[in-house]
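In what follows, a structure is listed as structure tokens, so that the remarks can point back to it.
The values are calculated or read from the model by the stated rules, or taken from the named source; none is laboratory data. Computed from a predicted structure; not experimentally measured. A quick note on method: Cβ atoms are made from the backbone with ideal geometry, for glycine too, and the neighbour counts reach across all protein chains shown.
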């Protein structure tokens, strides 16, 4: 198992930590995931309560047990939950690729914290999970995420037309990817 027998490992960086999500994180994650500046990019129905957020965290934990998803809470410099990141899905048979996703409280934007978190998650994907290709899918208007992906060595490979269906209708998605031979951040 690539999540250590169903247990998601904690990862530490210079200023933050990635640790397995727990239902204790629900109030903070509900606040982040339902924030208008964050929710618009998630491509999912809006969360309605902390209880619904707890249920989502439980589902994500169950999916990690089945190796269908791998999500960490991002713990900021002061010990608080400031976002999440992880693998929405991956495929090892024949493809060795995964899709990464992330979100961060707007109060922490522009400080390089998501970059640090993604370096930890990408290193884990390449070095532990054995991925060869990691993709990041984002809305074409999400310039902040596109810039972050490019700064980490991802290349924009194309536009996936009407790739997702949301409450607003079908949505185009930009596909960014980084390959293991191109990855250089092993901090």
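Laid out as a table, the results:
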quantity	calculated
Residue within the stretch 32-47 that is touching a helix residue (DSSP H, G or I) at 6+ places or on another chain (Cβ under 9 Å), in contact (Cβ under 8 Å) with a residue 60 or more places away in the chain, surrounded by fewer than 19 Cβ atoms within 10 Å (Cβ to Cβ) and more than 19 Å from residue 88 (Cβ to Cβ) present	yes
Checking residue 50 against (1) surrounded by fewer than 21 Cβ atoms within 10 Å (Cβ to Cβ); (2) under 17 Å from the mean Cα position of the chain (by Cα); (3) on the phi < 0 side of the Ramachandran plot, the condition it does not meet	(2)
Tally, over the stretch 78-108, of residues that are within 15 Å of the chain's Cα centre (by Cα) and over 20 Å from residue 62 (Cα atoms)	6
Residue check, residue 162 touching a strand residue (DSSP E or B) at 6+ places or on another chain (Cβ under 8 Å) and either surrounded by fewer than 15 Cβ atoms within 10 Å (Cβ to Cβ) or more than 16 Å from residue 88 (Cα to Cα) (or both)	yes
Residue match in the stretch 92-101 (condition: touching a strand residue (DSSP E or B) at 6+ places or on another chain (Cβ under 9 Å) and within 17 Å of residue 144 (Cβ to Cβ))	yes
Residues located in the stretch 134-150, provided they are in contact with a helix residue (DSSP H, G or I) (Cβ under 9 Å, 6 or more places away or on another chain) and crowded, with 18+ Cβ neighbours inside 10 Å	134, 136, 138, 139, 145, 148, 149
Subset of the stretch 40-60 [in a helix (DSSP H, G or I), touching a strand residue (DSSP E or B) at 6+ places or on another chain (Cβ under 9 Å) and farther than 17 Å from residue 121 by Cα]	41, 42, 57
Extreme residue, modelled with the lowest pLDDT, among residues of the stretch 66-109 that are crowded, with 16+ Cβ neighbours inside 10 Å, touching a helix residue (DSSP H, G or I) at 6+ places or on another chain (Cβ under 7 Å) and outside any strand (DSSP E or B)	69
Residue tally, condition touching a residue at least 60 places away in the same chain (Cβ under 8 Å), out of contact with any strand residue (DSSP E or B) (no Cβ under 9 Å at 6 or more places or on another chain) and crowded, with 16+ Cβ neighbours inside 10 Å, over the stretch 5-30	1
